[in-house]
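The values are calculated or read from the model by the stated rules, or taken from the named source; none is laboratory data. What you see is a predicted model, and the numbers here were worked out from it, not measured in a lab. When we count neighbours, we look across all protein chains shown, and the Cβ atoms used for this are built from the backbone with ideal geometry, even at glycine. The area values use the complete protein model at the heavy-atom level, side chains included, leaving out ligands, DNA and RNA. Shrake-Rupley method; radii C 1.70, N 1.55, O 1.52, S 1.80 Å.
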Amino acid sequence: MRVRVATTALGITAALLALPACSTDTTGGKHQTSSAARTGKPADDVQKPAALSSAALESRLLDQSDLGSGYLPKPERSAQHDDVTVIGCPALSELGGDAATGGTLAFPHKAKADFTYGGSSSEISEELYSDSARKLSDGIDRIFDAMTGCPTYQVVAGGTPVDVTSQKLPSPHASGDEQWSQLLTFTAGGRSTVVKQTAIRDGSLLLIVSGSPALVDRHLDKALAKATSTG
């Protein structure tokens, strides 16, 4: 069964499209396949903090001064409209047209930053979204829950077949109302790239940090602190 999905909802399109030219997995290990992880209680809309504007979110993204030396902004990729097809994942197929248009995480308030590190293939990406707690929770939850049933599947992006596996990870030691975390391994042309992805919802704000596992671990707490800062 096949279904077209907008993988930009998880911030991994760049990893998929860049795979043929990227280096092998720098983590040096094999990863057992499992499912995405989610912890925390469902969003409670008793309190409804106002959603932040995209401009406000932009100011809360990590920048080069936050990351330290060796990090460079990654040039924006020109708009691409290649079809992305997922093969062998009934759970993702159930998302249907909603996922095909990126509607699952098409929140009106959002901001994103991408960086490379040390002139290597190591990258880190940060995404911020703001909406009601319930909408944020339901949107990201649907994606991760779909992946839960598909620890292995294949993605065809721009004509390039990519084998994908996901490994469930324990929740990060960070604050927040809800947390999700997983390790994704993309394999194409005999080369593999490992991407760690952690999402944390705090009130009306959703943070997603993706990239090389070591870089995500290094900067996750800092990203959350800045994203949720009221100063």
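Rank these by accessible area, largest first, 1.4 Å probe: 127, 76. Before the final figure, lay out each step's value.
On the way: 127 5, 76 175 Å².
Largest accessible area first, the residues go 76, 127.
Accessible area per residue, 1.4 Å probe, Å², for the stretch 114-231: what's the number?
Details: 4260 Å² over 118 residues.
Per-residue value: 36 Å².
Give, as a single signed number, the net charge of other residues whose beta carbon lies under 12 Å from the beta carbon of residue 173, with Lys and Arg counted +1 and Asp and Glu -1.
Details: positive: none; negative: 217, 221.
Summing Lys and Arg as +1 and Asp and Glu as -1 gives -2.
Using 0.36 nm per residue of separation minus the Cα-Cα distance, give me the extension gain between residue 222 and residue 69 in nm, one decimal.
Working: separation 153, 0.36 × 153 = 55.08 nm, distance 1.54 nm.
Additional length available on full extension: 53.5 nm.
Roll a 1.4 Å probe over the protein heavy atoms and report the accessible area of residue 230 in Å², nearest 10.
Residue 230 exposes around 130 Å² with every protein chain in place.
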